[in-house]
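Inspection log for the structure reproduced underneath, given as structure tokens.
Derivation of every value follows stated rules applied to the coordinates shown; laboratory data play no part. These numbers were taken from a predicted model, which means no experiment stands behind them. Glycine also receives a Cβ, built like all others from the backbone with ideal geometry; neighbour counts cover every protein chain displayed.
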Amino acid sequence: MQPPILDEEQEKILLWAKNWRDQEQAPTAIVIETLVSGEVLDSRKDDEEFLEARLLYFMYNSEWRNEVLLAVQLDSYRKENDIKENDIVTNDIFAGFAKEFNWQERTFGLYGSAKNDLFIGRYRIDDFYTVE
């Protein structure tokens, strides 16, 4: 299953969820329940990031919110302007073919040929752009 494509507002909510889950070892179900419930946990009342994420979450329609929840469940997402599989990409230092995406880590394999026979390294998706 491909991860959902998120906009900047959705990404803010996802990053809040990831940070909370990673810092406090909170199960995904608890993170989602806290985000979507009508109640605010005592432990979250002073959490400005949570309050902002929740406010954003409830500002949009259910389809928009469902994309956020899917990204939280999958622990991965894409952006509209992300590089794509087989694109020729660069970060102004290295250039090559984008292959083998890991959407959870938001990394990809950079190859010097389209045949995957010259591996250059793994890089962050957000650090590269497509050569036009």
Alpha carbon centroid spacing (whole Å) that separates the range 17-41 from the range 43-71: 10 Å
Label-point gap, in nm, between ARG124 and GLU49 - each point 7 angstrom along Cα→Cβ: 1.5 nm
Structure-derived Cα extents along the principal axes in Å: which label, when the choices are (i) 52, 31, 24; (ii) 69, 29, 25; (iii) 53, 29, 27: (iii)
Cα shape, the range 88-130, gyration tensor, a/c 1.5 rule: oblate
Spatially proximal aspartates and glutamates relative to LYS115 (Cα-Cα < 17 Å; intrachain offsets below 8 disregarded): GLU85, ASP87, GLU100
Distance in nm between pseudo-label sites at ILE88 and THR28 (7 Å out along the Cβ direction from Cα): 3.8 nm
Per DSSP, loop GluC sites (Glu not before Pro) in the range 1-85 with at most 11 further Cβ within 10 Å: GLU39, GLU80, GLU85
Sequence-separation-based contact order of the chain, relative, with Cα cut under 8 Å and 6+ spacing, percent: 23 percent
Order of MET59, MET1 - criterion: other Cβ atoms within 10 Å of each residue's Cβ, fewest first: MET1, MET59
Vicinal HN-Hα couplings computed from phi for the range 19-35 (Karplus, 6.51 cos²θ - 1.76 cosθ + 1.60; Hz; Gly/Pro x): 4, 5, 4, 6, 6, 10, 6, 6, x, 4, 4, 5, 4, 5, 4, 5, 5
Inter-site label distance for LEU70 and ASN116 at 7 Å from Cα along Cβ, in nm: 2.6 nm
For ASP117, ASP126, order by how many other beta-carbon atoms lie within 10 Å, fewest first: ASP117, ASP126
Loop-located trypsin sites (Lys or Arg not before Pro) in the range 26-59 whose Cβ has at most 11 other Cβ within 10 Å (DSSP): LYS45
Isotropically averaged projected area of the range 5-79, using the convex hull of Cα atoms (one quarter of hull area), nm²: 4.5 nm²
When each of LYS12/LYS79; LYS45/LYS79; LYS18/LYS99; LYS12/LYS99 is checked by Cα-Cα distance, pairs over 22 Å: LYS45/LYS79; LYS18/LYS99; LYS12/LYS99
